[in-house]
Structures are given as C-alpha cells and as structure tokens.
Amino acid sequence: MIQFPKDFIWGTATSSYQIEGAVKEDGRGESIWDRFCRIPGKVRNKENGDIACNHYHLYDDDVKLIKSLGVQSYRFSVAWSRIFPEGTGKPNPKGLDFYKRLINSLLENEIEPLLTLYHWDLPQLLQDKGGWMNRDMTDYFTDYATYLYQELGNQVKKWGTHNEPWVVSYKGYSLGNAAPGYVDFRSHLKASHHLLLSHGKAAQAFRELGPKGGEIGITLNIEPTYPLEDNEECKKAAAIKDGFSNRWFLDPVLKGSYPQDMVDIYSKFETFDYIKDGDFEVMSSPTDFLGVNYYSISTNKPGTQGELGFLGVESVKTGKPVTFMDWEVEPQGLVDTLQRIKADYGDIPVYITENGAAYEDQVDEDGTINDEDRRAYIEMHLKACKDAIDAGVNLKGYYLWSLMDNFEWRYGYSKRFGMVRVDYDTLKRTPKNSALWYKTVIEANGFNQTK
Ligand code: IFM
C-alpha cells in the first residue's frame, strides 16, 4: 500500500464565483465575472455564475457532503464583492454572515477551512478604477484582507492570498479570455506586479493582525516546462516558457526579485517604471506555505507561432493522453515541480491546493457515474505526491479540484471537474466513483496502486 504521513491533510477545493450563485442576493456587489459573462462571445453559450451550484443556499448540505466523503479540509474563496460591494468602504454584514455560517458549519463537522481571499472575482467598481493595473488596488486588497482576518481569524487558521495570479494577469489582461478581458502583454506585466505586491502587503498585515498560530500563503499554478528535443534551442525555449509562466511569480515571492533573463527579454518593450523602491521586499515577505496548483506540463521548441511566438517559443503537444480540457496527463511533471521548488526555492511547506481533471462523464442507468479516467488521474497524481514526499519534499496536503462540477470560466458548464456530479437542471449532487474511491484513500491514509 502507498501510505502517506500521519498528519497529511486530505482536502478538496472550490471557488466563490464557480459555485455560489445568488449573485444579486444580500447586497453582493457586481464582480468582473458577472460583467465579463455578459460580453458576447466570451463565455460558451452565454453561461454565467448567476445560479451556478446554488451553494449560497445549499452550503449546509454541501458541508455534509464533504463530511460524508471523509474530507478533512475544505479550500474555498470569499467573494470580495459580498464583503465590500463597492470594493472598499462600508462592509456588508449579510455577505460576511454567509461565510460565518459556512465556516461554523465546517467547524461543527470538524472540517478545517482554508480560505482564499481572491479567486478572480474582483468587485466591478474596483475594475472601474483600473483593476490590477492600479497600484491602489494593493491597499484595497490589504484592507479587505485585514477586515476578514479580524472578523474570521478566530475560526480560520489557514489563509491564502491569491489563486493563480498568472491567470488573473495573463489571461485577464493579455490574452483577454478571462475577466476583465484586456489584450495587452505589458498590462499583464503591470497587473502581475500589483497582484504580487498586494500578496506581500496582505501577508505583512497577517503577521500583525491575523490569527496567532495561523498560516498564510499564496497559490501559484505551476506548469513544468520541458524541451521538445534534447538540444540547446529547445532548452532555451523551455527556459523562457518557464520564466514566463513559473519563475515570474515564484521568484519575487520566494527570492525577492524578478528573474533577470526575463527582465532582459521584457526590457525590449517595457521600462518597468511602475516598480517602486522596496516592492521586492514586500513581495517576498515571509509566508508559511506555498500552494501549488498542478494539472499538466508544457513542451517547447523555438518558433514564432502561437501565444508566445513573439518571445520565440512554441509549446506543442507530445501525444500523451489528454483530459477533456485537452491537457496532457503527466504525473511525473508533479514530482518534478515539487522537487524543483525544494531545490530552487528551499524547504517551504507545500500544499497541492488544486489537482484534478475534467472528463466527459456518463451517468449509468442506475445513476452511478463510473469516472474511472478521473479516478486513475487522481491515483497517478497521488502517487506522484508520495514520490515527492519520499524524495524529501515538505508536502503537507492535497486538495482535489473540485468538490463538485461547477462553472469552468470561459467554458461555462461544459467541463466537469467535480468528484461529485451536479445535475444542472435539479442541482442534485451525486458522488461519482472517484469520490467514493477518494473516501477510501482518506480512510486508509493511502491506497493500493493500480496504475
Ligand atoms: O477551475 C479552475 C480553477 O478556478 C483554477 N484552477 C484551474 C481550475 C481548472 O481549470
């Protein structure tokens, strides 16, 4: 049996806009995703999070569901615009009350909350002030974080600042396929700077005003990059892709600087005049853990086509099996990622804050969902976690993405990541076979390897 350390944490994860619904209830303000979903052509079938999984009303049942699966910790995010409908200023007690009720329910069921402050749903009124392009956002974010530390810190000990700032800045400000939908690479660079600065400021505020004995960290999506062929050109392409996707975020947070090779490349079109003295010190304020979201790998060669053609990099598929997202399945990439973090950034405690897969699930006549492809994906990645632990990585826990099927951003409801199926007509939840298997893993703190 593959056995995990005694104190390993078994979790699952969601985010506010993807599951809550109730977007106009109890004083919640508009978020950038409410607005983005209304722009024609941005989200499949004009879908949106208006109802989503109706978790806002069904949260108590959802907590019972988490409990019934034996899950020990639940990672969720707070919708900033429920707490501060205008982004700043006057808090909304009804919005706060929802999270208090959710957290109480979790604690009553002995499920540890891991609260993420920002999982992409910025209050629209802050976007109207420039969003993450505006340096003031770093103070607004810190005020919002501090308010929650004070209101919820007695009950919540594990806190995350941002989820995947690369997605927020690159997809939101450069590719334009996530909210707010801008298309300008330089805006991505500026937005990413302010996101990481806001992380550092919120981490500093946590030390002063956060719960004693609490933990704070940031979640980065890491996609390990490999050369297509074993030659210098491909290795260089892989290094640039790594600098663009991974090191641009890891380095400021864990080393206190941007990677010089990327600064040299970007300096051809960017002056970085928005970087102020002392920023790197703030960005690299000590944190207690690093959250890693891992899904897939990237394989690279020199080229001028595609998204990063302007940097001389082309990412290609290598023929490995893919999930319904068209992401290649490669568990070794997770081992490499975790070992690399330890080698390059030190022995910081790590949680896998997301890992999982979308597949085209079939519901059998008797109502069961035999999602063997997802189960196998999870098993292989848990094996990768164990390999990394055996190699000395300080991996503390694993949060399966996702508790239930939900709004998968620009893909709407077409991509199902849940271990629990959501019937979008009735909103009924049905654990898939992967969830029943995950329950046995948690009970045994391990599993018999089949893959
Ligand atoms: O659904 C997303 C989540 O919001 C952030 N990480 C990746 C998941 C799957 O795409």
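The values are calculated or read from the model by the stated rules, or taken from the named source; none is laboratory data. Treat the numbers as computed from the prediction; the structure is a model and nothing was measured. Because the Cβ atoms are built from the backbone with ideal geometry, glycine has one as well, and the counts that use them run over all protein chains shown. To get the accessible areas, we keep the full protein, side chains included, count just its heavy atoms, and leave off ligands, DNA and RNA. Shrake-Rupley method; radii C 1.70, N 1.55, O 1.52, S 1.80 Å.
Solvent-accessible area per residue for the chain at a 1.4 Å probe radius, Å²? Before the final figure, lay out each step's value.
Working: 17120 Å² over 451 residues.
That works out to 38 Å² per residue.
Relative contact order for the chain using alpha-carbon pairs under 8 Å, separation at least 6, rounded to a whole percent?
On the way: 941 pairs, mean separation 78.5, N = 451.
The value is 17 percent.
Pop the C-beta distance of Ser414 and Asp26 into the FRET formula with R0 = 41 Å and round what comes out to the nearest 0.05. Working shown, then result.
Working: r = 29 Å, r/R0 = 0.71.
About 0.90, to the nearest 0.05.
How much solvent-accessible surface does Phe206 expose, in Å² to the nearest 10, with a 1.4 Å probe and all protein chains in place?
10
On the principal axes of its Cα set, how long, how wide and how thick is region 55-112? Give whole Å, largest value first.
39, 18, 16
Please list 3J(HN,Hα) in residue order for region 56-62, calculated via the Karplus relation 6.51 cos²θ - 1.76 cosθ + 1.60 where θ = phi - 60°; whole Hz, with x for glycine and proline.
Taking θ as phi minus 60°, the curve returns 4, 9, 9, 4, 5, 5, 5 Hz for region 56-62.
Does region 190-253 classify as rounded, prolate or oblate by the C-alpha gyration tensor (a ≥ b ≥ c root eigenvalues; a/c under 1.5 gives rounded; else a/b over b/c gives prolate, otherwise oblate)?
prolate
Roughly speaking, what is the stretch gain from Ile51 to Arg186, that is 0.36 nm per residue apart minus the C-alpha to C-alpha distance, in nm to one decimal?
Roughly 45.1 nm would be gained on extension.
Just to be sure I understand the model, the point goes 7 Å from the Cα along the line to the Cβ. What's the resulting Leu436 to Asp288 distance in nm?
3.7
Tell me the label-point distance for the pair Gln362, Asp261, using the 7 Å Cα-to-Cβ offset, in nm and rounded to one decimal.
4.6
Give the peptides 132-144, 341-353, 71-83 in descending order of average Cβ contacts within 10 Å, highest first.
In decreasing order of mean packing, 132-144, 341-353, 71-83 become 71-83, 132-144, 341-353.
When a/c reaches 1.5 or more, the comparison of a/b and b/c decides; with that in mind, is region 367-451 rounded, prolate or oblate per its Cα gyration tensor?
Working: a/c = 2.52, a/b = 1.77, b/c = 1.43.
It is prolate, given that a/c is not under 1.5 and a/b is the larger ratio.
Name the residue farthest towards the positive end of the dipole of the chain from the options Ala391, Val322, Pro113, assuming +1 on Cβ of Lys and Arg, -1 on Cβ of Asp and Glu, about the Cα centre.
Looking along the dipole axis, the top candidate is Pro113.
Relative to the Cα centre, what is the charge dipole magnitude of the chain, using +1 at the beta carbon of each Lys and Arg, -1 at the beta carbon of each Asp and Glu, and rounding to the nearest 20 debye?
Numbers: 52 positive and 66 negative charges, 88 e Å.
The dipole of the chain has a size of about 420 debye.
What share of all Cα pairs of region 295-451, in percent, falls into each consecutive 5 Å distance bin?
P(r) for region 295-451, in whole percents per bin: 2, 8, 15, 18, 18, 16, 12, 7, 4, 1, 0.
Along the Cα-to-Cβ line of Asp61, 7 Å from the Cα, sits a label point; which residues in region 430-450 have backbone N less than 16 Å from it?
Counting backbone N atoms under 16 Å from the label point, the list is 430-432.
By average Cβ neighbour count within 10 Å, what is the ranking of 148-159, 317-328 from highest down? The partial results should precede the final answer.
Working: 148-159: 18.6, 317-328: 13.3.
By packing density, highest mean first, the sequence is 148-159, 317-328.
Using 0.36 nm per residue of separation minus the Cα-Cα distance, give me the extension gain between Asn394 and Asp326 in nm, one decimal. Walk me through the intermediate numbers first.
Values: separation 68, 0.36 × 68 = 24.48 nm, distance 3.03 nm.
So the extension gain works out to 21.4 nm.
Just to be sure I understand: of the beta bridges DSSP finds with both ends in the chain, what percent are antiparallel, rounded to 5? If you can, show how the numbers build up before the last one.
Numbers: 11 of 49 bridges.
Around 20 percent antiparallel, to the nearest 5.
Give me, ordered by chain and number, the residues 5 or more places off Ser31 or on other chains with an amide H under 5 Å from its own placed amide H.
Gln124
So what J values fall out for region 25-37 if you push phi through Karplus, 6.51 cos²θ - 1.76 cosθ + 1.60 with θ = phi - 60°, rounded to Hz, Gly and Pro as x?
My calculation for region 25-37 gives 9, 6, x, 4, x, 5, 10, 5, 6, 4, 6, 4, 4 Hz in order.
Going by Cα centres, region 399-427 and region 157-212 are how many Å apart?
24
When ranked by the protection proxy of mean other Cβ atoms within 10 Å per residue, highest first, what sequence do the peptides 43-53, 224-234 form? All intermediate terms of the calculation are to be shown ahead of the outcome.
Working: 43-53: 18.7, 224-234: 16.3.
Packing order, densest peptide first, comes out as 43-53, 224-234.
For Lys428, list the lysines whose Cα falls under 29 Å from its own Cα; do not include residues on the same chain fewer than 8 positions away.
Lys24, Lys42, Lys46, Lys64, Lys67, Lys94, Lys100, Lys415, Lys439
Which length gain, in nm to one decimal place, applies between Glu110 and Ala444 when the Cα-Cα distance is subtracted from 0.36 nm times their residue separation? The partial results should precede the final answer.
Numbers: separation 334, 0.36 × 334 = 120.24 nm, distance 1.82 nm.
Extra length from Glu110 to Ala444 when fully extended: 118.4 nm.
Can you list the HN-Hα couplings for region 300-306, worked out from phi with the Karplus curve (6.51, -1.76, 1.60; θ = phi - 60°), rounded to whole Hz and with x for Gly and Pro?
Values per residue, Gly and Pro as x: 10, 8, x, x, 10, 8, x Hz.
Under a Cβ-Cβ cut-off of 11 Å, what is the net charge of the residues other than Glu25 that fall near it, where Lys and Arg count +1 and Asp and Glu count -1? Each step should come with its number before you reach the end.
Values: positive: Lys24, Arg28, Arg82, Lys94; negative: Glu20, Asp26, Asp50.
Around Glu25, the charge tally is +1.
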